[in-house]
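The values are calculated or read from the model by the stated rules, or taken from the named source; none is laboratory data. Treat the numbers as computed from the prediction; the structure is a model and nothing was measured. Cβ coordinates were reconstructed from backbone atoms using ideal geometry, including for glycine residues, and neighbour counts include every protein chain displayed.
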Amino acid sequence: MILNEPYGEQATKFQISNYKRNKGFTLIELIVVMAVFLLIMATAMAIFISIVSHQRIILARQELLNQTSYFIEYMTKGLRMAGKDWVGDCIKDDQGNPGYVYQLTRYDNQLGIWKGIKFVNQSDNNVCQEFYLDDAQSPVIREIKNGEPSVPVSSTNLNINSLSFSVNGYEPGNQDCKFAPSADCGEGQQPRVTVSLDVKIRGDNNQPSTKAQTTVSQRDLNK
């Protein structure tokens, strides 16, 4: 029995040591684990929010480009098919003379630009057509055909900050170049119209505006 006592004493010490090792985490260890866990979660959330925000910006930008391309193409298609108004049912100068292809309309005295243009669209049954910027309430591009009520061309999701028309390379605010072609506005030249605009997504102040400009030449259908 005496020989077995050291063995029993060692077993008891082993049990006590094993109990100390398995008693669990300390408070400091739990705090460190929680801190690391929260740090990882905060980093993951920041990355997720950044990805979602970037994706939203890309989609908004794509929508802006799609809608802008649509109404620019729609306007330039009509402007390209303009023909001379020999009768004067659509365009007459201040003396009542016909024979013009384009008439710039809706002059803005504050900005010094023409915000509208009128012409005869020969591809649409010679309709008298006008495009202009309506910025009375929510800026949109509108269209009038034969004096009928106007209809919007640009989407209400867009905010048209500015729209200007010029003819034959003249300055957008040149008041002498109102009728084209004329002695003061490229007489003898193939009439061409330059459309300039500034547009952005409505309600998104964080998005920068997009500036676009295009020039279209009249396709002469009178010859």
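Condition check: among the hydroxyl-bearing types (Ser, Thr, Tyr), part of a helix (DSSP H, G or I), modelled with pLDDT of 85 or more and under 27 Å from Ser164 (Cα atoms). Does Thr43 satisfy that? Steps first, answer last, please.
Working: among the hydroxyl-bearing types (Ser, Thr, Tyr): yes; part of a helix (DSSP H, G or I): yes; modelled with pLDDT of 85 or more: yes; under 27 Å from Ser164 (Cα atoms): no.
Answer is no for this residue.
Looking at (1) part of a strand (DSSP E or B); (2) more than 19 Å from Trp86 (Cβ to Cβ); (3) touching a helix residue (DSSP H, G or I) at 6+ places or on another chain (Cβ under 9 Å), which is the only condition Gln129 fails?
For Gln129, the failing item is (2).
When you look at Gly83, is it under 18 Å from Val193 (Cα atoms) and without any contact (Cβ under 8 Å) to a residue 24 or more places away in the chain, yes or no? Spell out the reasoning first.
Working: under 18 Å from Val193 (Cα atoms): yes; without any contact (Cβ under 8 Å) to a residue 24 or more places away in the chain: no.
The answer is no for Gly83.
For segment 95-121, how many residues meet the condition of being on the phi > 0 side of the Ramachandran plot and part of a strand (DSSP E or B)?
The initial filter retains those residues of segment 95-121 that are on the phi > 0 side of the Ramachandran plot, namely 96, 99, 106, 112.
The next check asks that each one be part of a strand (DSSP E or B); those that pass are 106.
The number of residues fulfilling the criteria is 1.
Hey, among Val153, Val199, Val127, which residue is over 20 Å from Gln67 (Cβ atoms), among the β-branched types (Val, Ile, Thr) and surrounded by 14 or more Cβ atoms within 10 Å (Cβ to Cβ)? Give the steps one after another, and end with the answer.
Values: Val153 fails: over 20 Å from Gln67 (Cβ atoms); Val199 fails: over 20 Å from Gln67 (Cβ atoms).
One residue alone meets the criteria, Val127.
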